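All remarks here apply to the structure that follows.
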Amino acid sequence: MNTAAHPEEWLVEVEGLKKWFPVQQGLLNRLLAAGKQEYVHAVDGVSFKIRRGEVFGLAGESGSGKSTTGRLVVRMETPTEGTVRFAGQDITTLQGDALRRLRSRMQIIYQDPMASLNPRMTLGEAIGYGLKIHAPDLPAAERHQRVVDMLEKVGLAPAQYFYTKFPHQISGGQRQRAVIARALVTNPDLILADEPIAMADVSVRALLLDLMNQLKREFNLTYLFITHDLATAKYICDRLGIMYLGKLVEVGELRELYAHPLHPYTQALLAAVPVPDPRRRRKQAMPAGEIPNPIHPPSGCRFHPRCPWATERCAQEEPAMRELRPGHPVACHYAERSLEG
Amino acid sequence: MNTTTQKELLIQVRDFSLTYKTRLGPLSAVDHVSFDLYKGEIVGLVGESGCGKSTLGKALLRMMPPQAVASGEILFRGENILTFDERRIRDFRGRCVSMIFQDPMTSLNPVQRVDEHLIEAIQVHEPRTPVETALERARALIGRLGIQERRLKDYPHQLSGGMRQRVMIALGLVLNADLIVADEATTSLDVIVEAKLLDQFRELRDEFGITILLITHNIALVAEIADRIAVMYAGQMVEIGPVTEVFAEPRHPYTRGLLASVPTVSLDERQELFKMGGEPPNLTHPPAGCRFHPRCPQAMPICAQREPRLSPVAPDHLVHCWLYPSPDSEVPA
């Protein structure tokens with residue numbers, strides 16, 4: 001791989017990324033409001049970079065745009081505006097063959113393994129399918145061997161046994177392992193993991209997180225890890241970006257972010273996570289309301305209608321990202337307050 | 001929380017078992033479970049998928065599929081609900097015990113407004129209530145739950161997820177039920193909305209003295225809100241006790257493993273999660289004896305042979321494990 005061109009080793013560079021989805025309107029509305037197309041501002045100006053070999057997390061509530069951002073990075077969606085660079089190459093408008101070739105280098109793991117696996121394919125077929133597409137010249141025997149190796153790597157041993165199993169014949173945790181194996185078999189650089197363990201039971205979660213960490217080291221992978229669960233993020237992410245209504249509000253190293261959350265939204269998110277200790281129950285009040293409609297997002301800072309610190313300025317002026325602590329930018333006019341402790 | 005002396009018994013589950021008849025043979029979903037629920041307490045019922053917690057929760061309303069075989073007793077204020085006739089059970093549901101499910105969108109009628117839901121619930125049970133009176137009760141209730149009055153005229157799709165779940169709570173409360181069974185009621189919500197709903201549960205308990213059985217896979221949630229925790233594994237209740245005690249000193253090896261695998265956001269705590277080996281058993285062929293023994297790090301020969309009894313290790317703290325044999329049970333050889 002050509003890394004020399006990129007001494008900084010940024011695998012992914014996202015700049016000013018936007019994705020607006022047109023709102024479907026009924027016939028009557030279309031006639032009445034002719035030409036006034038409305039948009040869902042799913043992602044609305046997001047910039048970040050992911051280092052090679054790191055786990056970069058995107059966290060936020062549903063509707064924050066974290067999944068759409070992930071899909072834009074791996075080009076499952078085409079951005080409305082902004083650029084995505086992958087290993088130094090601008091892939092924003094890549095199409096056809098060039099895009100397909102890129103796909104083998106970025107793979108996806110979704111939340112629901114049952115929905116990700118074809119029920120009529122054995123695990124062996126499902127995992128080998130990516131190789132058939134991306135390495136068509138590989139002899140069948142060698143392909144079989146690579147699938148078997150991969151099954152063993154993800155802990156589905158004996159591999160020959162699992163090779164011929166169908167998804168409904170194995171447990172949920174094993175299914176997610178198969179999905180991970182399928183993602184890794186094309187030897188990708190980047191894995192987009194969109195809530196990969198949200199459906200698993202606690203005891204299985206720990207095992208899957210462990211597996212993902214171990215495979216990351218072994219295959220020198222980079223993860224874009226999307227989650228709504230800050231507690232889970234702690235066990236895998238190196239850096240984390242917090243999203244709210246299509247905007248990135250804060251980015252930082254995980255420990256730095258959890259120890260010194262600067263944005264009031266991040267603080268609320270962290271405080272809302274239940275603590276498994278009955279002696280330390282949450283006392284602080286939660287922000288009012290729920291995440292607003294992304295068709296008409298609030299003016300200024302999008303969090304201002306729910307923010308305990310909000311002033312007139314917040315409703316008018318959108319806060320820019322400011323690096324208030326080293327490597328820890330935040331988008332809030334009053335984030336200095338968090339520094340005072 | 002009530003002290004021991006003032007506790008008023010609401011529900012007594014006695015040696016309750018439930019078996020589903022499936023194509024693959026009988027599936028033992030709940031196996032000889034006994035526990036009590038007291039008035040005004042919040043009990044968290046936890047366990048992994050398939051452990052029988054939802055089956056048990058539904059059984060408290062006698063909601064079970066026709067092909068299920070139940071044995072044992074479920075006493076509500078001393079009366080066995082398993083013997084109620086159809087009319088009696090219909091009145092019992094909603095008025096005595098009501099249930100809130102995970103997904104409000106599939107529980108609410110998409111073509112009924114919020115007020116219609118509430119009025120219908122009242123009039124089904126109290127047919128002579130005039131619409132105005134029912135509406136008045138609905139207004140008071142949703143105001144109490146922090147929903148604006150104008151929302152009464154909204155359809156479910158016009159409400160946010162948190163608001164829909166509060167409408168479900170209102171439906172559970174509108175007949176003044178004594179016990180609310182909340183089955184993963186906050187699971188589909190975002191953390192901030194979930195935290196607010198939990199606050200609301202606690203307020204409702206404090207204000208109306210209702211009892212809440214919170215069924216969840218999220219153990220941290222139970223620590224946050226419950227007075228007592230009950231842990232189920234493969235259809236058996238393996239441990240039950242006050243939250244402070246169980247979290248401080250879990251006795252059953254399964255509870256210990258479960259608690260050690262809960263992720264937290266606090267930075268001072270362990271950076272590694274405990275990884276429990278194995279997977280829950282297939283309940284058409286459950287392991288003999290203690291159902292956890294094939295995965296148990298402390299399994300002894302007796303564990304595979306005989307089922308332990310749920311026996312006290314401390315006041316109000318019961319454990320279903322041969323490591324803590326009760327004085328009256330035979331000591332393992």
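Could you tell me whether any residue of segment B:208-216 is more than 13 Å from residue B:44 (Cβ to Cβ) and touching a helix residue (DSSP H, G or I) at 6+ places or on another chain (Cβ under 8 Å)?
yes
Can you work out which of the residues in segment A:156-171 that are of a type outside the set (A, V, I, L, M) and buried (at least 18 other Cβ atoms within 10 Å of the Cβ) is farthest from the other protein chains (Cβ to nearest Cβ)?
This residue is A:163.
Go through segment A:299-341 and count every residue that is over 24 Å from the mean Cα position of the chain (by Cα) and part of a loop (DSSP other than H, G, I, E, B).
Qualifying residue count for the region: 13.
Need pairs with beta-carbon distance below 9 Å; first residue over 17 Å from residue A:105 (Cβ atoms) and within segment A:130-148, second of a type in the set (Asp, Glu) and surrounded by 15 or more Cβ atoms within 10 Å (Cβ to Cβ); sequence gap 6+ or separate chains.
Every condition considered, the pairs that remain are A:147/A:125.
How many residues does segment A:201-228 contain that are without any contact (Cβ under 8 Å) to a residue 60 or more places away in the chain and within 14 Å of chain B (Cβ to nearest Cβ)?
The number of residues fulfilling the criteria is 14.
So for segment A:275-290 (the condition being of a type outside the set (D, E, K, R), more than 20 Å from residue B:265 (Cα to Cα), surrounded by fewer than 23 Cβ atoms within 10 Å (Cβ to Cβ) and out of contact with any Ser or Thr (no Cβ under 6 Å at 6 or more places or on another chain)), does at least one residue qualify?
The answer is yes, given that some residue of segment A:275-290 is of a type outside the set (D, E, K, R), more than 20 Å from residue B:265 (Cα to Cα), surrounded by fewer than 23 Cβ atoms within 10 Å (Cβ to Cβ) and out of contact with any Ser or Thr (no Cβ under 6 Å at 6 or more places or on another chain).
The conditions are (1) touching a Cys at 6+ places or on another chain (Cβ under 9 Å); (2) surrounded by fewer than 19 Cβ atoms within 10 Å (Cβ to Cβ); (3) not polar (S, T, N, Q), and residue A:326 fails exactly one of them. Which is it?
(1)
Checking residue A:248 against (1) farther than 30 Å from residue A:159 by Cα; (2) in contact (Cβ under 8 Å) with a residue 60 or more places away in the chain; (3) of a type in the set (A, V, I, L, M, F, W, C); (4) in contact with an Asp or Glu (Cβ under 8 Å, 6 or more places away or on another chain): exactly one of these is not met. Which one?
Only one criterion is unmet by residue A:248, namely (4).
Taking the criterion of being surrounded by fewer than 21 Cβ atoms within 10 Å (Cβ to Cβ), without any contact (Cβ under 8 Å) to a residue 24 or more places away in the chain and touching a helix residue (DSSP H, G or I) at 6+ places or on another chain (Cβ under 9 Å), would at least one residue in segment B:163-183 satisfy it?
Among the residues of segment B:163-183, not one is surrounded by fewer than 21 Cβ atoms within 10 Å (Cβ to Cβ), without any contact (Cβ under 8 Å) to a residue 24 or more places away in the chain and touching a helix residue (DSSP H, G or I) at 6+ places or on another chain (Cβ under 9 Å), which makes the answer no.
Could you check, for segment B:102-116, whether at least one of its residues is in contact (Cβ under 8 Å) with a residue 24 or more places away in the chain and under 26 Å from residue B:36 (Cβ atoms)?
yes
Could you please let me know if residue A:235 is at pLDDT 95 or above, facing another protein chain (nearest Cβ under 10 Å) and surrounded by 17 or more Cβ atoms within 10 Å (Cβ to Cβ)?
no
Looking at residue A:270, is it more than 11 Å from every other protein chain (Cβ to nearest Cβ) and under 22 Å from the mean Cα position of the chain (by Cα)?
No, not satisfied.
Kindly provide the set of residues from segment B:180-196 that are within 10 Å of chain A (Cβ to nearest Cβ) and of a type outside the set (Val, Ile, Thr), ordered by number.
Of everything in segment B:180-196, those that are within 10 Å of chain A (Cβ to nearest Cβ) and of a type outside the set (Val, Ile, Thr) turn out to be B:188, B:189, B:190, B:194, B:195, B:196.
For residue A:295, state whether it is more than 29 Å from residue B:216 (Cα to Cα), β-branched (Val, Ile, Thr) and touching an Asp or Glu at 6+ places or on another chain (Cβ under 7 Å).
When the stated conditions are applied, residue A:295 passes them.
Return the residues of segment B:230-250 that are at the interface with another protein chain (Cβ under 9 Å from one of its Cβ atoms) and in a strand (DSSP E or B); say none if nothing qualifies.
Result: B:242, single match.
Of the conditions (1) surrounded by 17 or more Cβ atoms within 10 Å (Cβ to Cβ); (2) within 11 Å of chain B (Cβ to nearest Cβ); (3) of a type in the set (Lys, Arg), residue A:302 satisfies every one except a single condition; which number is it?
(2) is the only condition that residue A:302 fails.
Scan segment B:207-225 for residues that are within 14 Å of another protein chain (Cβ to nearest Cβ) and either part of a helix (DSSP H, G or I) or touching a Pro at 6+ places or on another chain (Cβ under 8 Å) (or both) and jot them down.
Matches in segment B:207-225: B:218, B:219, B:220, B:221, B:222, B:223, B:224, B:225.
Looking at A:258, A:244, which one is under 21 Å from residue A:307 (Cα atoms) and touching a Ser or Thr at 6+ places or on another chain (Cβ under 6 Å)?
A:244
Could you tell me whether residue A:311 is of a type in the set (Ser, Thr, Tyr) and at the interface with chain B (Cβ under 9 Å from one of its Cβ atoms)?
Considered against the rule, which asks whether it is of a type in the set (Ser, Thr, Tyr) and at the interface with chain B (Cβ under 9 Å from one of its Cβ atoms), residue A:311 comes out as no.
Take residue A:155 and decide whether it is part of a helix (DSSP H, G or I) and in contact with a helix residue (DSSP H, G or I) (Cβ under 8 Å, 6 or more places away or on another chain).
No: the conditions fail for residue A:155.
Scan segment B:264-279 and tell me whether some residue there is within 14 Å of another protein chain (Cβ to nearest Cβ) and touching a residue at least 24 places away in the same chain (Cβ under 8 Å).
yes
Tell me which strands (runs of 3 or more DSSP E) are completely within segment B:1-78 and hold 1 or more residues being at pLDDT below 95, or say none if there are none.
B:9-22, B:25-38, B:68-76
The values are calculated or read from the model by the stated rules, or taken from the named source; none is laboratory data. Not measured: the values here are computed from a predicted model. All Cβ positions, glycine included, derive from the backbone under ideal geometry; neighbour counts span all protein chains shown.
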